[in-house]
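Novice: Before I ask anything, let me first share the structure, which is written out below as structure tokens.
Bear in mind that the values in this text are calculations on the coordinates, not laboratory data. Not measured: the values here are computed from a predicted model. All Cβ positions, glycine included, derive from the backbone under ideal geometry; neighbour counts span all protein chains shown.
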Amino acid sequence: MIAIYTITSGLHDEAAVSKLSDAFLKGIFPEGNYEFKGSDFSDFGSHTLDLIYVRTGGAEGIFRSLLPEMLARGIDRYYLLTSGKSNSLAASLEILSFLRQQGLRGEVLHGADAYVAGRIQTLAAVQEARARLKDMRIGVIGQPSDWLIASHMDPIALLDTLGIRMEEVPMEELLTEIDKAKGEPAPEEQEMEQKVRDAYPGAVQIYNALKVLVERHSLDAFTLRCFDLLSTVGNTGCLALSCFNSEGVPASCEGDVPALVSMMTAHALTGVSGFQANPSRIDVQTGEILFAHCTIPFNMVEDWQFDTHFESGIGVGIHGVFPEGPVTVFKVSGDLKRHFVAEGELIGNQYEQNLCRTQVIVRLNPSDARYFLTDPIGNHHIIIPGHCKGLLEELL
């Protein structure tokens, strides 16, 4: 719910101000989908998005008197809605300048009705995502893979910035549960090589064992040091990760926590975890990039086939067909001080034996493609359906 609170100078006629306010709010919220709180700020900060409607000039002192109580509730972002009537824009600019001087964040929402309405919609979606991420728990099952030398996560930054907590879960705990877990035969209607069909029950065992750990540790998301499973149980986690991501539990490969946090952010904003993949080929002149990995959420593809895991030639990997169309490529750094986000088009799927099983071609702006060769945030990046750069930039 969007709540609107008001501050108004006593020098202005309330009846005249109210008439202007009603017309202004109707232009922005034609369906009336907000709660009008007036000058009672007692529950400010308890809604999806709380807006302070500065209705007139001369209201700056009123805001300053309200600020200590709002700060006591831990509120550090303030969105000032203004029509521009009765010197309200001038007052809003003074208030925003005051907030900046106090080291606080804020924004004046002003302009054409369509712009302001769109901006409010974006802010509400971002606030909802922040609320979903806050107090989430992620499990690091095993350590990050040895080759991820630039992809470690700062747990303090993760907690302070997004409110997410990390917990390490020993690989031995997973192996114990795999020994106890049940598998199931591959579906008869699915075509696959015999060795993939033979590996399918073991891949389901891994999924069922991970379910036990997710429930035991109250995990909202996890990352798995999956390559250890090749030597210990002779199978892979690709199928399990596809299933969890499809079920709304973000799960990343290779113990890559920054990739997982990127997937959690994507899921909180869009409802899908995204496709964690490696850039395999880049043409900076055309902006075309081939991304590939052996797992992809089932709810992101039009069709799929089961195959082996690429590097090992064993287990159950997923060759998915991603719908062509607009996509966003995204990644956050381990200290959350950097991120990359670029909008582009997914222009094709392919299948080559010498690459990870799901292979998609994305066309970005050539300058965005060049980032991968000059200043990348690790190797794994997340591909999200649709154009959502604005939402991701706002959240971060």
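Novice: When the helix-only estimate is applied to the chain (DSSP H runs of n ≥ 4, each -39,500 (n - 2.57), divided by the residue count), what is the mean residue ellipticity at 222 nm, nearest 500 deg cm²/dmol? Don't skip to the end; give the middle numbers.
Specialist: Numbers: 12 runs with 148 residues, N = 396.
Roughly -11500 deg cm²/dmol at 222 nm, from the helical runs in the chain.
Novice: Once amide H atoms are placed 1.01 Å from N in the peptide plane, what residues at a sequence separation of 5 or more from LEU81, or on another chain, have their amide H within under 5 Å of its amide H?
Specialist: Answer set, sorted by chain and number: ILE52, TYR53, VAL54, LEU109.
Novice: DSSP loop (so not H, G, I, E, B), at most 10 other Cβ within 10 Å: list which GluC sites (Glu not before Pro) in the range 293-396 pass both filters.
Specialist: Details: sites: GLU302, GLU311, GLU324, GLU343, GLU345, GLU352, GLU393, GLU394; in loops: GLU302, GLU311, GLU324, GLU352.
Listed in order of number, the matching sites are GLU302.
Novice: Let me ask you something else. Relative to the present Cα-Cα distance, how much length would full extension add between SER312 and ASN299 at 0.36 nm per residue of separation?
Specialist: Values: separation 13, 0.36 × 13 = 4.68 nm, distance 2.56 nm.
2.1 nm is the gain from fully extending SER312 to ASN299.
Novice: Please report the spacing between the Cα centers of the range 304-382 and the range 52-110 in Å, no decimals.
Specialist: The range 304-382 and the range 52-110 have Cα centres spaced 43 Å from each other.
Novice: What does DSSP give for the chain in terms of the percent of beta bridges that are antiparallel, rounded to the nearest 5?
Specialist: On the way: 36 of 65 bridges.
Bridges in the chain that DSSP calls antiparallel: roughly 55 percent.
Novice: Take a quick pass over the chain and tell me how many lysine pairs come in under 23 angstrom between Cα atoms, counting only ones 8 or more apart or on separate chains.
Specialist: Lysine pair count for the chain: 15.
Novice: Within the chain, which whole H helices from DSSP have a Cα span along their axis of at least 24 Å and a mean Kyte-Doolittle hydropathy of 0.0 or more, if any? Walk me through the intermediate numbers first.
Specialist: Working: long enough: 113-133 (30 Å, 0.07); 194-216 (34 Å, -0.20).
Helices meeting the span and hydropathy rule in the chain are 113-133.
Novice: For the chain, would you read off the P(r) tail past 32 Å as a percentage of all alpha carbon pairs? Before the final figure, lay out each step's value.
Specialist: Working: 34464 of 78210 pairs.
When every Cα pair of the chain is considered, 44 percent fall beyond 32 Å.
Novice: Under 10 Å, Cα contacts only: if you run a Gaussian network model on the chain, which one of GLN102, GLN276, GLN190 comes out with the highest mean-square fluctuation?
Specialist: The residue that fluctuates most here is GLN102.
Novice: Most mobile of VAL272, VAL257, VAL196 per a Gaussian network model of the chain (Cα springs, under 10 Å)?
Specialist: VAL196
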